[in-house]
């Protein structure tokens, strides 16, 4: 993840002493994501981030190269709401769309797919857990689908069911169902192959 504003106060453990009792409280960091799209790919990252810092403190960001889309992460919902309310936001003369990000709790990684697997095949394999509303299947440089997809369920409970099972048959292939998580400097580890 890029450009993170550090706030030591949120990460510190607070200690309260009350007689013989000592309590340690770890404050939970709040992260609220907004999706941005439509910015000029030649727009410097610093200019893009400066435009979004006007609305509040950034926890981080993730910009997908060559797609004109990404995510801005704010430290609270009020700051994110200001950015969404300003949509479309003009940055270097280009109107950038700002919208609430879908909850990652509804989205899962599906790995081990056959290159010929269709959206309908994925729906059929996962319908035992709930309604699939979106499926994103990345492609390589030749336009062939990579062996994984990002699947969004209608309800978070349905995604949790699929994650608990951990695997599913999709078009004669045993496929893994995993969380989409952070790894290293990338917001989503499963985007590493893009």
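The values are calculated or read from the model by the stated rules, or taken from the named source; none is laboratory data. Not measured: the values here are computed from a predicted model. Cβ: placed from backbone, ideal geometry, glycine included. Neighbour counts: every protein chain shown.
Looking across the range 50-93, the residues that are closer than 12 Å to residue 39 by Cβ, surrounded by 15 or more Cβ atoms within 10 Å (Cβ to Cβ) and more than 20 Å from the chain's Cα centre (by Cα) come down to 51, 89, 91. All of (1) modelled with pLDDT under 75; (2) out of contact with any helix residue (DSSP H, G or I) (no Cβ under 8 Å at 6 or more places or on another chain); (3) within 30 Å of residue 138 (Cβ to Cβ) hold for residue 22 with one exception: (3).
Every test in (1) in contact with a strand residue (DSSP E or B) (Cβ under 6 Å, 6 or more places away or on another chain); (2) crowded, with 18+ Cβ neighbours inside 10 Å; (3) under 12 Å from residue 105 (Cα atoms) is passed by residue 154 save one, and that test is (2).
Would you confirm whether any residue within the range 141-161 is in a helix (DSSP H, G or I), at pLDDT below 95 and over 25 Å from residue 35 (Cβ atoms)? Yes: one or more hits. Tell me, yes or no, whether the range 37-49 has at least one residue that is within 15 Å of the chain's Cα centre (by Cα), at pLDDT 85 or above and surrounded by 12 or more Cβ atoms within 10 Å (Cβ to Cβ). Within the range 37-49, one or more residues are within 15 Å of the chain's Cα centre (by Cα), at pLDDT 85 or above and surrounded by 12 or more Cβ atoms within 10 Å (Cβ to Cβ).
Cβ-Cβ contacts under 8 Å between residues 6 or more apart (or on different chains), taken from a first residue in the range 36-55 that is on the phi > 0 side of the Ramachandran plot to a second residue that is modelled with pLDDT of 90 or more and not in a helix (DSSP H, G or I), are listed as 38/88; 38/94; 38/95; 38/96; 38/97.
Among the listed residues 95, 127, which satisfies the condition of being in the same structural domain as residue 171 (by TED's automatic domain parsing) and either at pLDDT 90 or above or more than 27 Å from residue 148 (Cβ to Cβ) (or both)? Full working, then the answer.
Details: 95 fails: in the same structural domain as residue 171 (by TED's automatic domain parsing).
Selected residue: 127, the only one of 95, 127 that is in the same structural domain as residue 171 (by TED's automatic domain parsing) and either at pLDDT 90 or above or more than 27 Å from residue 148 (Cβ to Cβ) (or both).
In the set (1) surrounded by fewer than 16 Cβ atoms within 10 Å (Cβ to Cβ); (2) assigned to a strand (DSSP E or B), the condition left unmet by residue 128 is number (2). If you go through the range 64-77 one residue at a time, do you hit one that is outside the structural domain of residue 168 (by TED's automatic domain parsing), touching a strand residue (DSSP E or B) at 6+ places or on another chain (Cβ under 8 Å) and more than 28 Å from residue 153 (Cβ to Cβ)? No, because not a single residue in the range 64-77 is outside the structural domain of residue 168 (by TED's automatic domain parsing), touching a strand residue (DSSP E or B) at 6+ places or on another chain (Cβ under 8 Å) and more than 28 Å from residue 153 (Cβ to Cβ).
Scanning the range 71-90 for residues that are assigned to a strand (DSSP E or B) and in contact with a helix residue (DSSP H, G or I) (Cβ under 8 Å, 6 or more places away or on another chain) turns up 72, 74, 89.
Selection of first residues in the range 99-110 that are part of a helix (DSSP H, G or I) and of second residues that are modelled with pLDDT of 70 or more, restricted to Cβ pairs under 6 Å at least 6 apart or on distinct chains, gives the following pairs, ordered by first then second residue: 104/180; 105/156; 106/152; 106/153; 106/156; 106/159.
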